[in-house]
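Scroll down for the structure; my scribbles are underneath it.
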Amino acid sequence: MKLNIWIVGAGGAGLDILYWVNDWRDTQDDNVVISGFVDNKYANKNTNMDRYGDTTQKLSIISTKSSMPGAKDRYICAFGFPKDKIRFSSVMLNKGASFITLVHPTSYVAGNSKISIGGVICPNAVIAPNVRVGKFTTIGIHASVGHDAIIGNYCEISPGARISGRVEVGDEVLIGSNAVILPGLKIGSGAVVGAGSVVIADVKSGETVLGNPSKVVWRKK
């Protein structure tokens, strides 16, 4: 069966995913073809396609309005910020788009862990046993999620982040690069953990924490 892959988002994350899909499709039984990008910002503009390399010779960038999902079309979300994930995935889902979960072949996902629709597991990421990862959540390059952890929907776990066992992360959470979350903690929905932070206590919904040990630097009103 032929599958046409559309990458939703043509920015930096879209560039990454373009190359990761090339790696991933070599492991698939289906005939996987990368059709192009869906991105309102870059559609119908003189975009510098050189940054995407030779793989873009037959690719196009279309807007969400122009996109008409077909039976063989599959979509991958390539936005990093939670709000963008929600906005663009919702538009495409309402148009009938079918999103897939992209698990890079160099990553490790334990057999009894579950990655929900629209998830992206990046190169060399590690998902330990009995983990639940919500829809449209990205686990970044070299990031790890410990046993029995729960990660919510529309989260961005940046490269090198370490989420220890039994941690619970709410929806729309952004965890910065190389941050460490100690075992058993809870990170509330909409929270932000700054890059390099070491979190030693629960983080409430809407809080932004930073530092080692982390401290609250901002609260959403």
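Is one or more of the residues making up segment 166-174 surrounded by fewer than 22 Cβ atoms within 10 Å (Cβ to Cβ), modelled with pLDDT of 95 or more and over 14 Å from Ile187 (Cα atoms)?
No, every residue in segment 166-174 fails to be surrounded by fewer than 22 Cβ atoms within 10 Å (Cβ to Cβ), modelled with pLDDT of 95 or more and over 14 Å from Ile187 (Cα atoms).
Mind listing just one residue for me: the one in segment 7-29 that is among the hydrophobic types (A, V, I, L, M, F, W, C) and closer than 15 Å to Thr101 by Cβ and, of those, surrounded by the fewest Cβ atoms within 10 Å (Cβ to Cβ)?
Trp24
Among the residues of segment 60-93, write down those that are assigned to a strand (DSSP E or B) and hydroxyl-bearing (Ser, Thr, Tyr).
Answer for segment 60-93, where residues must be assigned to a strand (DSSP E or B) and hydroxyl-bearing (Ser, Thr, Tyr): Ser60, Tyr75.
Could you list all residues from segment 124-137 that are over 12 Å from the mean Cα position of the chain (by Cα) and either in contact (Cβ under 8 Å) with a residue 24 or more places away in the chain or surrounded by fewer than 20 Cβ atoms within 10 Å (Cβ to Cβ) (or both)?
Result: Asn124, Val126, Ala128, Pro129, Asn130, Arg132.
Give all pairs with beta carbons closer than 8 Å in which a residue from segment 200-214 that is over 13 Å from Ile181 (Cβ atoms) meets a residue that is of a type in the set (Ser, Thr, Tyr); count only pairs at least 6 apart in sequence or on separate chains.
Ser205/Ser189; Gly206/Ser189; Leu210/Ser197; Gly211/Ser197
Could you pull out the residue among Leu174, Leu185 that is free of Cβ contacts under 8 Å to residues at least 24 places away in the same chain and in the same structural domain as Ala149 (by TED's automatic domain parsing)?
Leu185
Go through (1) assigned to a loop (DSSP other than H, G, I, E, B); (2) touching a strand residue (DSSP E or B) at 6+ places or on another chain (Cβ under 6 Å); (3) of a type in the set (S, T, N, Q) and name the single condition Ser177 misses.
(2)
What are the pairs with Cβ atoms under 8 angstrom where one residue, in segment 64-76, is over 17 Å from Thr101 (Cα atoms) and not assigned by TED's automatic domain parsing to the domain that holds Thr138 and the other, located anywhere, is part of a strand (DSSP E or B) and among the aliphatic types (A, V, I, L, M)? Sequence gap at least six, or different chains.
Thr64/Val38; Ser67/Val38
Name the residue that is farthest from Ala191 (Cα to Cα), counting only residues in segment 118-165 that are basic (Lys, Arg) and out of contact with any Gly (no Cβ under 6 Å at 6 or more places or on another chain).
Arg132
Working carefully through the options Gly160, Gly96, Gly184, find the one that is part of a loop (DSSP other than H, G, I, E, B) and surrounded by 17 or more Cβ atoms within 10 Å (Cβ to Cβ).
Of the residues listed, the single one that is part of a loop (DSSP other than H, G, I, E, B) and surrounded by 17 or more Cβ atoms within 10 Å (Cβ to Cβ) is Gly160.
Hey, can you tell me all the residues within segment 99-120 that are of a type in the set (Val, Ile, Thr), farther than 17 Å from Asp171 by Cα and not in a loop (DSSP other than H, G, I, E, B)?
Listed by number, the residues that qualify are Val103, Val109.
Output the number of residues of segment 102-160 satisfying the condition of being within 18 Å of Arg25 (Cα to Cα) and in contact with a Leu (Cβ under 6 Å, 6 or more places away or on another chain).
Count: 1.
Please work out if Gly118 is on the phi > 0 side of the Ramachandran plot and either in contact (Cβ under 8 Å) with a residue 40 or more places away in the chain or out of contact with any helix residue (DSSP H, G or I) (no Cβ under 7 Å at 6 or more places or on another chain) (or both).
In short, yes.
The values are calculated or read from the model by the stated rules, or taken from the named source; none is laboratory data. All values derive from a computational prediction rather than experimental measurement. Backbone-built Cβ (ideal geometry, glycine too); neighbour counts: all protein chains shown.
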